[in-house]
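Colleague: Quick one: structure below, then a few questions.
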Amino acid sequence: MPNPLLTPELLRRLEQFQLLAARRAKSSARGERRSKARGQSVEFADHRNYVPGDDFRYLDWNLYGRLEKLFLKLYEEERELPVRIFLDASESMSFGEPRKFDFARQIAAAVGYVALCGFDRVSVIPFPENKDEMAVRGALRAVRGRKSTLNYFQNITQLTAKGTANFNESLRRGALEARQAGVAVVLSDFLDPAGYESGLTALVGRGFQVNAVQILSPEELSPSTFGDLRLVDAETGGMEEVTFGRYRMSSYQQMVQNFCQRLREFCQGRGISFFMASSNTALEYLLLKQLRQAEVWG
Amino acid sequence: MNFLSPFAFLFALTIPVVIVFYLLKRKRVVKLVSSTLLWQKFLAETQASAPFQKLRRNWLLLLQILLLLLAVLALARPYFATKAKSSDLRVIILDASASMQSTDESPSRFEKARQEALKWVDSLREGDKMVILQVAANTEVKQSETSEKSALRRALLSCAALDSPTRLSPALKMAESLIRDRGKESNPEIHLFSDGAVPDLSDFDNKALPLIYHKVGKGANNLGLTALDVKANPEDASQRAIYVSVANVSTNEQSTDLELRLDGKLLETRPVKIPPGEVSPQLFLASQSSDGVFTVQSTLQDDLAADNAASIVSQARQRGWTGAILGGNGFNSPAFIKNAGTAAEGVMVGTSWNSLSQDPANQKFLASMKKAGVNPDQFSAQAYTGVIILAEAIQRSGGKTGREDIVAGLGKVKDLDTPLGKFSFTPNRDAQHEPSVQQVKDGKFQIVQ
């Protein structure tokens, strides 16, 4: 299986993981997750009084023998865990060496793969909308089952980063669209002039367990272009005149650290797992070590 | 270094304008970035110190500011103070005679003189004026009175050495007339740039021109009296102390005799020896029984005669001497009036020749002198008369030219019509003719009746 996103070695390692949901699944579809719903599984949940029409097969005959009353045995229904991956596919993600978007797609593929292996439903929501990729994006709206991984990977590969994103708006809509809350993974550079607060708050408010991964390129962390620059924003077209020299590098880096630190603190305050990754970070380190330690999966 | 227009330093206030221009007009490299969000934050954080950090290590800006500073400095018109006295008017006389073409100075005496003169133009202060005269056989006004340096420089550059002798007198006269009209508070100066090869300065012997002689050329020798002052002798009130400075500006040791005269009467002769380039102060002590003019003269024949004699008639008037001044024979010349100027007014001189006499013999003499182009003085008239008397004596002795015949003939001369009047010899062989006393009035000799 030739796969430009993830190496077979990595896939084998990822198969062992399962997304850890702090809350019980609320999905209506059956899956492999414990839920509050009663249904068919091997896990006993409770007894209840028999009412006419109940299936005799679930009567607890042992209890009837002792109490001469009819009780019905209830089992936990195992439901699926909806995993929504918010993938920033704006123009700004197409920068960096390696490209931030490539890195984000690899994470999306890995998270999706873990979810699919655990019989969870995966929705990839790239934003902003791109009418040229309607088919691909439609196919990524709801992916289930391990057999879908190949298609899933292919579709993710075909995504492109283009246009101007409205981070907050996209996340709010994604939160409203979801029929059930679940795990949300936000893959973005969080460089939106309008901020990121209201989008993340909307996801948390909808009941999602949110994992945010901020992806920045090495160039953004420590620029290598000096001199008198007229910087053009790829998304907004806005211009910024900057005179930048090596002597200001440290203050720039300090500023980036402050920016990330504010985002981290915002996330911590709302129970959001936050990761910051440069796009040249080793993927294995992030997936197998950082996410595992943070108990995103295990 | 000083500045003629120090207020021009206010132009330095334009430097911030350059900086502003620099901040505004900056060529920037356009670069597409993922997002300017981080940069906006970066700028916001560093905004306080940003404008000046932008200027760091900016050679272009430094160069521009340097240029501007130089321009401001130029506008402030810096000058180096020289020893020049401040002067309202300076008359520059540039000798352009043939001798100035000699090349003992590099590239030539004339060029050297021109450079010297240009330096004086450069050191001209604001408001001071300058006149440039070029003198050779003719005197040419190259630049009339102006304070505009560029015009003065242009005039100096337009001067050129000519193949003609120097006639300095007309130039000095012109310079004198230029400075005569200046008020007392002004300090007019005449700067003569010459090699000293000028023959005819006898007219200026008795004068107090503020002449500063800039010597050009190495070979010439000149010994000059640079100062003359008369004071009462502090030790003996009946005596006068006369202080004289004799400067040797040549490259050889010079010896001369200094003659001290009172009203032309020789009082003392003193030999002096002056090493090259040195100034020798001399002190004469003389008793003065009557009012008169002390004259000190160097007997050495040198290249520039104008400064050998210093007269103090002018100084006496300038120093407030209002009493009568009686002059001797030496005063008896139209040149005296010219040289002493207004100071000559009222000076009385005994004379044997009345230039204004309407006597036919005198008129004839004046006419023939005018024909020869000579402005006659007493000595001309006396010489002329001498020849007439001699001719008369020869005639009276019957045309014989022997020694005894002429002596006899002279004795017979009686009431001869000469420019000096009716002339006879007394039995004691004294000349007898009508003497007259002249007084300078309105710049002319008038007979005192």
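The values are calculated or read from the model by the stated rules, or taken from the named source; none is laboratory data. Since this is a predicted model, take the numbers as computed values, not measurements. With ideal geometry, Cβ positions are generated from the backbone for all residues, glycine too; neighbour counts draw on all protein chains shown. When the accessible area is computed, the model is the full protein with side chains, heavy atoms only, and any ligands, DNA or RNA have been set aside. Shrake-Rupley method; radii C 1.70, N 1.55, O 1.52, S 1.80 Å.
Colleague: Return the Cα extents of region B:330-447 along principal axes one, two and three, sorted largest first, each rounded to a whole Å.
Modeller: The principal-axis extents, from largest down, are 51, 33, 23 Å.
Colleague: Return P(r) of region A:70-110 (all Cα-Cα pairs; 5 Å bins starting at 0; whole %; ordered from short to long distances).
Modeller: 5, 18, 17, 13, 8, 5, 7, 5, 5, 6, 4, 3, 2, 0
Colleague: Still on this structure: Spin-label point model (7 Å from Cα, Cβ direction): what's the B:Asn58 to A:Asp132 distance in nm?
Modeller: Spacing of the two 7 Å Cα→Cβ label points: 4.2 nm.
Colleague: Follow-up. Could you pull out every residue, at least 5 positions away or on a different chain, whose amide H is within less than 5 Å of the one on B:Gln143? Hs are placed 1.01 Å off N in the peptide plane, and Pro or chain starts have none.
Modeller: So B:Gln143 has HN proximity to B:Ile132.
Colleague: Let me ask something additional. With each label point set 7 Å from Cα along the Cα-Cβ vector, what nm distance links B:Lys400 and B:Asn428?
Modeller: Modelled inter-label distance: 2.9 nm.
Colleague: Can you tell me which of B:35-46, A:45-56 comes out highest on packing, and rank the rest after it, using the mean Cβ neighbours within 10 Å? List each step's numbers first, then the result.
Modeller: Values: B:35-46: 19.1, A:45-56: 10.3.
Put in order of decreasing packing, that is B:35-46, A:45-56.
Colleague: Could you grab the relative contact order for chain A? Cα pairs under 8 Å, six or more apart, rounded to a whole percent.
Modeller: 19
Colleague: Next question. What average number of partner chain Cβ atoms lie no more than 10 Å from the Cβ of the residues making up A:224-234?
Modeller: Working: counts 0, 3, 1, 4, 5, 6, 6, 11, 5, 8, 5.
The shielding value for this peptide is 5.
Colleague: Hey, in the GNM for chain A with a 10 angstrom Cα cutoff, which one of A:Ala109, A:Ala175, A:Ala142 fluctuates hardest?
Modeller: Among A:Ala109, A:Ala175, A:Ala142, the largest mean-square fluctuation in the Gaussian network model of chain A belongs to A:Ala142.
Colleague: What do you reckon, how do B:Ile15, A:Ile107 stack up by accessible area (1.4 Å probe), largest on top? List each step's numbers first, then the result.
Modeller: On the way: B:Ile15 30, A:Ile107 0 Å².
Of B:Ile15, A:Ile107, the descending order of accessible area is B:Ile15, A:Ile107.
Colleague: Given H placed 1.01 Å from N in the peptide plane, which residues other than close sequence neighbours of A:Ile125 have an amide H under 5 Å from its amide H?
Modeller: A:Ile85, A:Phe86, A:Leu87
Colleague: Using the Kyte-Doolittle scale, which helices in chain A average at least -0.5 and also have C-alpha atoms spread 24 Å or more along the helix axis, with helices defined as whole DSSP H runs?
Modeller: Working: long enough: A:100-117 (25 Å, 0.93); A:249-269 (30 Å, -0.69).
In chain A, the long hydrophobic H runs are A:100-117.
Colleague: Magnitude of the Cβ-charge dipole of chain A, K/R +1 and D/E -1, about the Cα centre, nearest 20 debye?
Modeller: The dipole magnitude comes to about 1140 debye.
Colleague: Name the most mobile residue of A:Lys162, A:Lys69, A:Lys100, meaning the one with the largest mean-square fluctuation, in a Gaussian network model of chain A with Cα contacts below 10 Å.
Modeller: A:Lys69
Colleague: Pop out the ³J(HN,Hα) list for region B:426-436 in order, Karplus 6.51 cos²θ - 1.76 cosθ + 1.60 with θ = phi - 60°, rounded to Hz; leave Gly and Pro as x.
Modeller: Residue by residue, region B:426-436 yields 6, x, 7, 6, 8, 6, 10, 7, 6, x, 9 Hz.
Colleague: With the Cα gyration tensor of chain A giving a ≥ b ≥ c as the square roots of its eigenvalues, does the rule (a/c under 1.5 for rounded; else a/b larger than b/c for prolate; else oblate) give rounded, prolate or oblate?
Modeller: Details: a/c = 2.57, a/b = 2.34, b/c = 1.10.
In terms of gyration-tensor shape, prolate.
Colleague: Next question, about the same structure. In region B:131-171, what percent of the accessible surface is made up of carbon and sulfur (1.4 Å probe, ligands and nucleic acids excluded)?
Modeller: Values: 880 of 1880 Å².
Carbon and sulfur atoms account for 47 percent of the accessible area of region B:131-171.
Colleague: Taking amide H atoms as placed 1.01 Å from N in the peptide plane, list the residues 5 or more away in sequence, or in a different chain, whose amide H sits under 5 Å from that of A:Ser278.
Modeller: Residues meeting the criterion, in which the H sits 1.01 Å from N, are A:Leu216.
Colleague: For region A:90-96, in order, what is each residue's ³J(HN,Hα) by Karplus, 6.51 cos²θ - 1.76 cosθ + 1.60 with θ = phi - 60°, in whole Hz (x at glycine and Pro)?
Modeller: Here the 3J(HN,Hα) series is 7, 4, 5, 6, 7, 9, x Hz.
Colleague: Report the A-B buried area as the accessible area lost on both sides summed, probe 1.4 Å, in Å² to the nearest 100.
Modeller: Working: alone 15500 and 25520 Å², together 38080 Å².
About 2900 Å² of accessible surface is lost on pairing.
Colleague: For peptide A:235-244, compute the average count of partner chain beta-carbon atoms within 10 Å of each residue's beta-carbon. If you can, show how the numbers build up before the last one.
Modeller: On the way: counts 5, 3, 2, 5, 3, 9, 5, 11, 11, 3.
Mean shielding count: 6.
Colleague: So, in Å, what gap is there between the alpha-carbon centers of region B:355-409 and region A:226-259?
Modeller: 111
Colleague: Sort A:181-190, B:265-274 by the packing proxy (mean of other Cβ within 10 Å over each peptide's residues), most packed first. The partial results should precede the final answer.
Modeller: Details: A:181-190: 26.2, B:265-274: 13.5.
Descending mean neighbour count gives A:181-190, B:265-274.
Colleague: Quote the charge dipole size of region B:330-447 about the Cα centre in Debye, to the nearest 20; the model charges only the Cβ of Lys and Arg (+1) and of Asp and Glu (-1).
Modeller: Working: 13 positive and 11 negative charges, 52 e Å.
For this selection, approximately 240 debye.
Colleague: Given a Förster distance of 45 Å, report the FRET efficiency between B:Asn233 and B:Ala12 from their Cβ-Cβ distance, rounded to the nearest 0.05.
Modeller: It comes out at approximately 0.15.
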